[in-house]
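A quick write-up on the structure given underneath.
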Amino acid sequence: MRAIPLRWRIIAALIGLALGTTLILALLARHFLALSLQTNVNVEMGSALTSALSLAKENYDAKKRQLQGIGQLLSAPPHRDENALHAAFADAGLNDLTLRVSPIEQIDIDLSRGPVVSKVETDQLQLVLALPDSQRALTALLSLKALIDVGNAVQTYKHIEMAEDDLRTAFLLAFLVAAAGVVLLASVIGVRIGFEITRPLNALLKGTREMARDNLQYRIPRGRDDEIGLLIESFNQMAQDLVENRRKRLEAEQIAAWREIARRLAHEIKNPLTPIQLAVQQMRDKYSGNDPAYQQFVTNCTEIVTEEVENLRSLVQEFANFARMPSLSLSPSDLNECVHNVVRLYPDAHIHLDLEKNHPTLELDAEQMRRVLINLIENSLDASGKNGQIEIRTRTSDDTAILSVIDSGPGVPLKDRVRIFQPYVSTKESGMGLGLAVVHNIIEDHGGHISVKDAPKGGAQFDLQLPIPDRTVAQPEEQR
Amino acid sequence: MTRFFTIKTLAFYLLVSVHPLLAQHIPQDSLYIYVQSDTLRLDATIDSLFSKRAIDAIETGMTTSIAVQFRLRTGRGDNLGLRSLFRRLEHDIWEGQYRLIRQSARPDTQITSHFEDIRRACSELQGISLAQLPLPDEPITLQVRIDVNPISSEQRERTRQWLKIIEKGSYLEFFFTLDRSTFPEWIDLFRFRPSALPHLLDGN
């Protein structure tokens, strides 16, 4: 059975988490909602409010009877002034009222049957009576606000009671809709997070597959600065290191193979050279004839063979040297001094030095480095001709010392810039093509690197990059 | 699948559960449609006009609006007449009086201390004019819809202030409203041909 991809597991986990949490919250909310409504709308509350309304009604009737009684009292003699009227109501415990005495003609209520008590303005009880002088009428307005509030409260409670079910449903629906929104949001975020996590993982997976297919040039775009970005960067660095290591291994194998060939070639050619030379010399010496022309011919042939044998021997020596390159003997050395020592060997050449002051001391095999410089200068002289200009420059960049040899020759074609450092490759008509291979080997053995490019003013520029040891202390020195 | 339907059913129930407060009806045997003085008239009695909850609400003093509407429709869906009876019932709990206010071109008020009088006045409909003759002599359906709403706008405002969570424009108002201003659906009451109706003489 195929495993569920990580992306979908992350998304499912996030949605499940949101859904589970929401469901638990929904159940809790439903419970608390029911509890909350029950606190406000319940039998006890309803019963209490109904009782309160009954009491309010009784209170209303009592007030009405009181007003009726006071009305009867005040409509009879003796005559009372306003203070006495107020005192009469106060004695009955009716303080929250307004009294007004007005001419009886202004009253449009029939008072012939005595005082009239009625409810006015929905929240007031009104007592109207004719005072004993029959000229004036007294109007007393008693506020019923407290009682009306009780009535309103009961009605509102009844309304809520009627709407309770709808209200509960509405709360639940509102919560469910909000919860659905939360789950939807969680889903969207889950999908996004899932894709954000798994997309680079898939890219890494693809990268490892490409590497397994030996595609070491494959790189993953980093695109982010978090831990996943660092992981991608590490992967790319690992791929780069693999490429570099493979290149070095291949070069080492190539060099070893070439050296073996050179060793065998030197051995196989060198051995018959001496017998050939001796045999030819004997042929010349042993000739006892009198033909001067033939003797001259033999002598010439012998010289040619001897000369070619010497050339071959020289060639063989070159092969042998290449095959027997010694291991490095490193010691603190001044690169500028190495340059000076070599340039001294070429007094007639037009060599311009641009050497950095305070150039750091390097760990070098001075003898091998001398060989490097000689090979490079020879190479430049060959390319530039006798009147050619050569510039040797030293610089420092971070933890690298750079030695550049720049000539005024035709430069190195782009297609030859890598293979030119391989043995037996040469763009010149003469030579075995070992010089730059030797240079390349020595620089690589120093942990450095050599490259060639077009010089700014034309010609070739060979750059040697050599590592600067950590303990190197810059030494003040002016070189020229 | 069963669970899916259960959830759907529950959701549907939740959505439609804002049901009307009352379920009144007019029994066929109380229905009498006739022609008098070129006017199509109706006598009818509404059963269960006031539900127990509505009576409870009225008894606490809630002002109640009562709306009864009749409509005549042909088989093609043409409206031939619409008659609306609107009343407002106020209960003065302090004085123990009911005031039934007929809201029409000639409004009048009936005051009584007996709820039974109110019930009768609202339920027993006599000589309600439905339409003027002539009417097309084809099958016509009499439809009715009745709404008794004990929640006045003042009461709604008071309740809204009490339940502070239900503010105007609040999120909760998407799911709940205190306004019950929507009428119930029309109900087919009776099907007749005008030519088949009895004619009453004036004064009967």
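The values are calculated or read from the model by the stated rules, or taken from the named source; none is laboratory data. None of the values given here were measured: they were computed from a predicted structure. Reconstructed Cβ throughout: ideal geometry from the backbone, glycine too, with neighbour counts over all protein chains shown. Side chains are part of the model used for accessible areas, which takes the heavy atoms of the whole protein and leaves out ligands, DNA and RNA. Shrake-Rupley method; radii C 1.70, N 1.55, O 1.52, S 1.80 Å.
Some points to look at:
- Aspartates and glutamates with Cα under 14 Å of A:Lys357, excluding same-chain neighbours fewer than 8 positions away: A:Asp334, A:Glu337, A:Glu477, A:Glu478
- Neighbours of A:Ala401 by Cβ distance under 12 Å: Lys/Arg scored +1, Asp/Glu scored -1, total -4.
- Radius of gyration and maximum dimension Dmax of the range B:66-110, Cα, Å: 15.7, 52
- Share of carbon and sulfur in the accessible heavy-atom surface of the protein assembly as shown [1.4 Å probe, %]: 55 percent
- For the range B:45-107, the relative contact order is 27 percent, taking Cα pairs closer than 8 Å that sit 6 or more residues apart in sequence and dividing their mean separation by the residue count.
- Exposed-loop-free span, longest in chain A, where GluC sites (Glu not before Pro) count as exposed if DSSP calls them loop and at most 14 other C-beta atoms lie within 10 Å: A:122-428
- Relative contact order (%) - criterion: Cα under 8 Å, at least six apart; region: the range B:20-197: 26 percent
- Residue-averaged [θ]222 nm for chain A, counting only DSSP H segments that reach four residues, each worth -39500 (n - 2.57): -20500 deg cm²/dmol
- Here's the list of aspartates and glutamates a cross-link from A:Lys158 could span, going by alpha-carbon distance under 19 Å and ignoring same-chain residues fewer than 8 apart: A:Glu44, A:Asp149, A:Asp166, B:Asp56, B:Glu59, B:Glu90, B:Asp92, B:Asp147, B:Glu154, B:Glu157, B:Asp179.
- Sites matching trypsin sites (Lys or Arg not before Pro) across the range A:299-344 that sit in DSSP coil, with at most 15 neighbouring C-beta atoms within 10 Å: A:Arg324, A:Arg344
- Of all DSSP bridge pairs formed entirely within the range A:257-414, close to 70 percent run antiparallel.
- Positive minus negative residues near A:Pro103 (Lys, Arg vs Asp, Glu; Cβ under 13 Å): -1
- By definition, a body whose alpha carbon gyration tensor gives a ≥ b ≥ c is oblate when a/c is 1.5 or more and a/b is not larger than b/c, and the range A:73-149 fits this oblate description.
- Residue by residue, the range A:12-19 carries 3J(HN,Hα) couplings of 4, 5, 5, 5, x, 5, 5, 5 Hz when phi is fed to the Karplus relation 6.51 cos²θ - 1.76 cosθ + 1.60 (θ = phi - 60°); x denotes Gly or Pro.
- Solvent-accessible area buried by B and A, counting both chains, probe 1.4 angstrom, square angstrom: 2900 Å²
- Residue pairs exceeding 24 angstrom between C-alpha atoms, taken from A:Lys206/A:Lys453; A:Lys248/A:Lys457; A:Lys145/B:Lys52; A:Lys248/A:Lys453: A:Lys206/A:Lys453; A:Lys248/A:Lys457; A:Lys145/B:Lys52.
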